Amino acid sequence: MDAVNTYFEKGALLVIADLLSLITVTSCLVIKVPQINTIRQNQSSKGISVFGLCLELFSYTVMISYNYSSGYDFLSYMEYPVLLLQEYALIYYAFKYQDLLGIRTQIVAVLYMIIATLIYLKLFPIIILTFLVPFCTPIGATSKVLQLLAILRTKDASSVSRTTWALSAFTNMTRIYTVYVQSHDWMLLSNFLISTFLSASVFAAACVYKKKAKKA
């Protein structure tokens with residue numbers, strides 16, 4: 001009981017931030033599953049930007065590494081490990097149905113795992129991560145813009161999951177609040193503000209072109 005009272009003494013804003021963090025993490029447990037299932041069921045990744053997925057992977061990797069190396073509260077970035085695992089599966093299926101699983105892809109994957117291991121062991125210079133974090137905003141934004149352009153170019157959103165993008169917009173929006181309350185890290189805030197807008201844009205485009213496909 002004392003522990004509960006002590007917890008609530010930290011203030012309503014932080015308690016709400018923790019609650020939103022839990023909701024965000026819970027949503028992220030399944031956020032990309034609808035997209036993965038859509039590609040598997042269609043056996044096609046038409047309308048999916050693989051380059052955009054790679055940029056998104058880079059952004060997720062840098063953000064989780066920066067938060068981890070900076071010693072931030074794990075609950076404030078707990079969704080990133082979950083998103084990362086789902087991103088691996090999503091990239092695999094997107095690459096598979098676009099015939100991109102070759103030797104070059106395997107070599108890049110091995111190099112990626114080596115760097116990720118160094119970061120986990122805290123042998124990777126944090127100064128490099130600090131330098132890369134500001135680039136995550138334009139890189140993450142670019143990945144979403146590429147996905148948006150892929151839908152607009154093909155006028156086909158049959159392989160794009162609206163549920164995934166709706167959840168993406170929602171979880172990014174909740175993080176705006178939690179980051180502001182818990183760390184006031186403006187680099188992270190700017191990233192989530194832009195991500196919320198672009199995820200909502202991709203969701204809107206997917207809704208428009210799925211309806212058109214059904215009418216056709």
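All of the numbers you see were taken from the coordinates with simple rules; none came from a lab. The structure displayed is predicted, hence computed values, not measured ones. Don't worry about glycine lacking a Cβ; one is built from the backbone with ideal geometry, like all the others, and counts go over all protein chains shown.
Details
- Meets criteria (out of contact with any Phe, Trp or Tyr (no Cβ under 8 Å at 6 or more places or on another chain) and surrounded by 14 or more Cβ atoms within 10 Å (Cβ to Cβ)) for GLY71: no
- Which numbered condition GLY52 misses (of (1) more than 18 Å from the chain's Cα centre (by Cα); (2) part of a helix (DSSP H, G or I); (3) over 20 Å from HIS184 (Cα atoms)): (1)
One line per residue, one yes/no per condition, for (1) assigned to a loop (DSSP other than H, G, I, E, B); (2) aromatic (Phe, Trp, Tyr); (3) crowded, with 22+ Cβ neighbours inside 10 Å:
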residue: ILE48; (1), (2), (3): yes, no, yes
residue: SER65; (1), (2), (3): no, no, yes
residue: LEU84; (1), (2), (3): no, no, no
residue: TYR88; (1), (2), (3): no, yes, no
residue: TYR92; (1), (2), (3): no, yes, no
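- Candidates in the range 29-46 are the residues that are surrounded by fewer than 21 Cβ atoms within 10 Å (Cβ to Cβ) and among the hydrophobic types (A, V, I, L, M, F, W, C); of these, the one that is nearest to ALA89 (Cα to Cα) is ILE36.
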